[in-house]
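Notes follow once the structure below has been shown.
Values in this text are rule-based calculations from the coordinates and carry no lab data. All of these numbers come straight from a predicted model, not from anything done at the bench. For neighbour counting, all protein chains shown are included, and Cβ atoms are generated from backbone atoms with ideal geometry for every residue, glycine included.
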Amino acid sequence: EKGEDVIATLARSFNGMANALQSQIKELADLSEVQQRFVSDVSHELRTPLTTIRLAGDVLYDQRAGFAPATARTAELLHTQVERFELLLGDLLEISRYDAGSVQVEAEPTNLVHLAEDAIDSMRSLAESKGSELHLVAPGGHLNADVDPRRIRRILHNLIGNAIEHGEGKPVVVAVDSNANAVALSVRDYGLGMSKTDVEHVFDRFWRADPSRQRTIGGTGLGLAISLEDATVHGGVLEVWSGEGQGSSFRLTLPRRAGEPFTDSPIPLPP
Ligand code: ADP
């Protein structure tokens, strides 16, 4: 019983720490170089203790069946919060790398149709859990671009994940397209959409619309900020169209690969 009290206290203080840290970092994130370096240093420093907490937390989590119900719930809370913290820290480290200009793009010829198919496959179970269907609209065969597939896949995961989370169970359409100058990946949902003001802030770091929605939808508020960096470092553009109650459409446009056959399909303008 003593041990279980300790676990409960540990989980509570960890929860408080995660919340406090998230709001502190939020205030620092947009600021000067010194502060950016501070965020980067703090993030690096937190990695080791967090790993230790994670390992200890995993042990408790795995044994939770043997605990009293309240303690078992606390072990679960600890587990969720550690996961949330790890996500936040990973995103912060990535933003720091971009701020420091130390991101290297490992570009290679990549079939965007395959990439979109893979992204859809890996998001399918999330879509099913929300009751929405994922559709792909793409030219037959291949459509290559010189990109870092890891980063473009991450953009697609973010966009598709957001489309599902805010999509109200309606279908989500992923489109691959090209014209003479560019190739494009688009993700369209028919869910809640966003107001004009929301749209202006959607790529801001830590920005999230309507706080009351956020309790059910996890995330760091850094996903689109990182996606925008990922797009820009490729010489690409990431744009959004949205309206309240009309769903949202995000489009990533990337430079065309020299010598790539022309699929002659116009890049669709979102409605
Ligand atoms: P996160 O998803 O972690 O909150 P993001 O940077 O991916 O962070 O998104 C920021 C915010 O933009 C979301 O919290 C949400 O309010 C809004 N948003 C993003 N995508 C959509 C979408 N498809 N429909 C409605 N709102 C969206």
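Residues whose amide H falls under 5 Å from that of Phe203, counting only those 5 or more places apart or on a different chain, are absent, with hydrogens built in the peptide plane. Just to confirm the number: angle between the C-alpha axis of helix 149-165 and the first principal axis of the chain, 0 to 90 degrees, nearest 10? That helix lies at roughly 70 degrees to the long axis.
Counting other Cβ atoms within 10 Å as a rough exposure proxy, the listed residues Arg73, Arg188, Arg208 run Arg73, Arg208, Arg188 from fewest neighbours to most.
For the stretch 222-239, the Karplus equation 6.51 cos²θ - 1.76 cosθ + 1.60, evaluated at θ = phi - 60°, returns couplings of 10, x, 6, 4, 5, 4, 5, 4, 4, 5, 5, 5, 8, x, x, 10, 10, 10 Hz by residue, with Gly and Pro reported as x.
Where only DSSP H runs of four or more residues are counted, the chain gives -18000 deg cm²/dmol as its mean residue ellipticity at 222 nm, each run worth -39500 (n - 2.57).
Under a 5 Å amide H cut-off, with hydrogens placed 1.01 Å from N, Gly191 pairs with Gly247, Ser248 among residues at least 5 apart or on other chains. Whole-Hz Karplus values for the stretch 195-203 come out as 6, 4, 5, 4, 4, 5, 9, 4, 8 Hz, taken residue by residue from phi with 6.51 cos²θ - 1.76 cosθ + 1.60 and θ = phi - 60°; glycine and proline positions read x.
Cβ crowding within 10 Å, taken as a proxy for footprinting-reagent exposure, orders Thr80, Thr253, Thr232, Thr48 from fewest neighbours to most as Thr48, Thr232, Thr80, Thr253. Using C-alpha pairs under 8 Å with a sequence gap of at least 6, the mean separation divided by the residue count of the stretch 25-175 gives a relative contact order of 21 percent.
For Leu136, the residues 5 or more places off, or on other chains, whose built amide H falls under 5 Å of its own are Val174.
Using Cβ contacts closer than 10 Å as the measure, can you line up Phe203, Phe250 from fewest to most?
On the way: Phe203 18, Phe250 25.
Fewest to most other Cβ atoms nearby, the residues stand as Phe203, Phe250.
Expressed in nm to one decimal, what extension gain is obtained for the pair Gln246 and Ala70 from 0.36 nm per residue of sequence separation less their Cα-Cα distance?
Numbers: separation 176, 0.36 × 176 = 63.36 nm, distance 4.25 nm.
Taking 0.36 nm per residue and subtracting the Cα distance, the gain is 59.1 nm.
Each residue of the stretch 85-100 was assigned a 3J(HN,Hα) from its phi angle through the Karplus curve 6.51 cos²θ - 1.76 cosθ + 1.60 (θ = phi - 60°); the sequence is 5, 5, 4, 4, 5, x, 5, 5, 5, 5, 4, 4, 4, 5, 4, 7 Hz, with glycine and proline shown as x.
Placing unit charges on the Cβ atoms of the charged side chains and taking the dipole of the stretch 68-199 about its Cα centre, the candidate lying farthest along the positive direction among Val173, His142, Ala75 is Ala75.
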